[in-house]
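Following: one structure in structure tokens, then a few remarks.
The values are calculated or read from the model by the stated rules, or taken from the named source; none is laboratory data. Fair warning: this is a prediction, and the values are worked out from it, not measured in the lab. We place every Cβ from the backbone using ideal geometry, glycine too, and count neighbours over all the protein chains shown.
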Amino acid sequence: MKLKRQAFSYPYIVWMLIFILAPMVLIVYFAFSSAEGGLSLDSIITALTNEIYMKVLARSVWIALKATVICLLLGYPIAYILSTMKKRTAAILYVLFIVPMWMNFLLRTYAWQVLLDSNGIFNSILSLLGLPAQQFLYTEGAVMLGTVYNFLPFMVLPIYSVLVKLDRSLVEAAADLGANPVLCFIKVVLPQSVPGIISGITMVFIPAITTFAISRLLGGGKFLLYGDLIENQFITLGQSAWPVGSALSFILLVLVLISMAIMRRAEHDAGEQGGMLW
Amino acid sequence: MKKLRSFFRGTYLGLMLIFLYAPILVLMVFSFNGSKSMGRWTGFSFRWYEALFRDTTIMDALMVTLSVALISALVATVIGTFAAIGIHSMKKGPRGVVENISRLPMVNPDLVTGISFMMLFAMLGIKGGYTRMLIAHITFNIPYVIFSVMPKLRQSSNLLYEAAMDLGCPPMMALRKVVIPDIMPGIISGFVLAFTLSLDDFVVSWFATDGIQNLSIYIYGIARRGISPKINALCTLMFIAVVTLLTFVNVRSIKEEREQEQAQKRLARRTK
């Protein structure tokens, strides 16, 4: 009888093997094969030694890091202020901060394209003030802005959900014992919100490093990111570029896994620290 | 002092909300602009909306988006629910393996998922953009269904199912009469999640399909070449649809929460 119940999952397991596992095996297979076929490290070596590829990789990591820091600096205060408000007001405002997350990210990026356009509203305002038109679109700043704009809600969400559960009486106790508000925040609130910060960083950094359309739309293809590079291999160059493209994807995947491991480690350490607090 | 602080807090939240919503609002306003310009207002008009509904490419893309979302969510819900029921009764070892593989599409960057589909479909010789998109969407939807049904299964008791069978109920009927009603909330939230994810997807579709467009792919194609007032109108409608849907879902959950709160208060008063 037990076996009977397991059998309900068999159709899915077949599906899973063909459409989840096999594609991953394919990526790894192509990453470790040469253009002529057959196992080799050529593609991985090309992906790791090509100067342009490495430059793009460095730029992607750098932009993703900057965007993550900016999101944290902007998002933490939002989450903190919300968590100190009355429950009902906070719930409504919180939804307002989260709604953009549910909108298609192309749509959100396109909205900035409209604003920053050379004939867009910003330049109209400048010309009204008698100032010369500026080139906003197709700059690195625009790509940054688009990334921060797209991922800010992903930072607010986890931090808020940790802060809102925080025991307020601890803060009051610290204040009663003579800690000023700043000290209260640093010693009581901040350490306890570390798990939220960590998952916020993960939720921003990983999508930011794997994004590809934002830089195309706001950077005009001038500031290629690693995702654009991979897209280029597969969409433009076709089947002969599969091995190098797969190698690039494999490197991206490893990068994502490493950052996840670091985050998990940090969360673990934070847990221990929290334990020591008591 | 306290007033000053709350003033600063309010201002900060306000500024952040402006940052988040101003771009969308500007886009919406200019979708009603009489001219092509997106910097200067030249009068109210519906001309871009008319153009939008007359554009057969966009209407086709809309149909693709909606039908793929509906079909993929339905198929994923059926496969995923049965999968969850089966996985739930597996032994710890195989269960861990299946659960971990199922998490792959959730953890994998969309870009990598999309590329892997592209290669797989080419290798298997699966032609037809619609089929490809459908398979891809079903695949990334199933895990979300499984993991929304799983917690409900853990809450419900295995004994009920066994009791039904001891009383002579065949397995399929026991499932329909006992297990499924018990986990229905999980199934519904899994379906809604799957539907939303499919509607929203761009990256996986972009790589997985061939020669067919959903709305996201269409928008990307146009936006790469610059801005277009028709897209403004389209974005406005999509935004309104999302907000309506979210308000509906949230109002329901907030209402439920309030009812629960009030019930608790009543209970507390009574115990006093």
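The listed residues are B:Ala69, B:Ala73, and the only one of them that is of a type in the set (Gly, Ala, Ser), assigned by TED's automatic domain parsing to the domain that holds B:Leu197, surrounded by 22 or more Cβ atoms within 10 Å (Cβ to Cβ) and farther than 30 Å from A:Ile125 by Cβ turns out to be B:Ala73. The one condition from (1) touching a Leu at 6+ places or on another chain (Cβ under 8 Å); (2) within 12 Å of chain B (Cβ to nearest Cβ) that A:Phe30 does not meet is (1).
When you check B:Leu153 against the structure, is it surrounded by fewer than 22 Cβ atoms within 10 Å (Cβ to Cβ) and away from every other protein chain (no Cβ under 12 Å), yes or no? Here the answer is no, as B:Leu153 does not meet what is asked. Per the conditions (1) surrounded by 23 or more Cβ atoms within 10 Å (Cβ to Cβ); (2) among the small types (Gly, Ala, Ser); (3) not in a helix (DSSP H, G or I), the sole criterion not satisfied by A:Gly221 is (1). Of the residues making up segment B:95-106, those that are surrounded by fewer than 22 Cβ atoms within 10 Å (Cβ to Cβ) and within 8 Å of chain A (Cβ to nearest Cβ) are B:Val98, B:Ile101, B:Leu104. Scanning segment A:234-258 for residues that are of a type in the set (S, T, N, Q) and either at pLDDT below 90 or touching a strand residue (DSSP E or B) at 6+ places or on another chain (Cβ under 9 Å) (or both) turns up A:Thr236, A:Gln239, A:Ser240, A:Ser246. Does A:Tyr110 qualify as being crowded, with 22+ Cβ neighbours inside 10 Å and more than 7 Å from chain B (Cβ to nearest Cβ)? Here the answer is no, as A:Tyr110 does not meet what is asked.
For segment A:159-168, the count of residues that are crowded, with 19+ Cβ neighbours inside 10 Å, within 25 Å of A:Ala91 (Cβ to Cβ) and within 13 Å of chain B (Cβ to nearest Cβ) is at least one.
Considering only residues in segment A:113-131 that are more than 7 Å from chain B (Cβ to nearest Cβ) and touching a residue at least 12 places away in the same chain (Cβ under 8 Å), the one that is surrounded by the fewest Cβ atoms within 10 Å (Cβ to Cβ) turns out to be A:Ser118.
If only residues of segment B:60-89 that are without any contact (Cβ under 8 Å) to a residue 60 or more places away in the chain and within 16 Å of A:Met16 (Cα to Cα) are counted, the one that is nearest to the other protein chains (Cβ to nearest Cβ) is B:Gly86. Among the residues of segment A:87-95, is there at least one that is surrounded by 18 or more Cβ atoms within 10 Å (Cβ to Cβ) and in contact (Cβ under 8 Å) with a residue 24 or more places away in the chain? Yes, some residue in segment A:87-95 is surrounded by 18 or more Cβ atoms within 10 Å (Cβ to Cβ) and in contact (Cβ under 8 Å) with a residue 24 or more places away in the chain. Taking the conditions exactly as written (at pLDDT 95 or above and among the polar types (S, T, N, Q)), does B:Thr131 satisfy them or not? Taking the combined requirement at face value, the residue satisfies it. For segment A:255-269, which residues satisfy the criterion of being among the hydrophobic types (A, V, I, L, M, F, W, C) and surrounded by 11 or more Cβ atoms within 10 Å (Cβ to Cβ)? Once the filter is applied, which keeps residues that are among the hydrophobic types (A, V, I, L, M, F, W, C) and surrounded by 11 or more Cβ atoms within 10 Å (Cβ to Cβ), segment A:255-269 yields A:Leu255, A:Val256, A:Leu257, A:Met260, A:Ile262, A:Met263, A:Ala266. Across segment B:189-209, the qualifying residues are those that are modelled with pLDDT under 90 and away from chain A (no Cβ under 11 Å), and the one among them that is farthest from the chain's Cα centre (by Cα) is B:Ser189. Of all residues in segment B:1-41, those satisfying the criterion of being at pLDDT below 90 and small (Gly, Ala, Ser) are B:Ser6, B:Gly34, B:Ser35, B:Ser37, B:Gly39.
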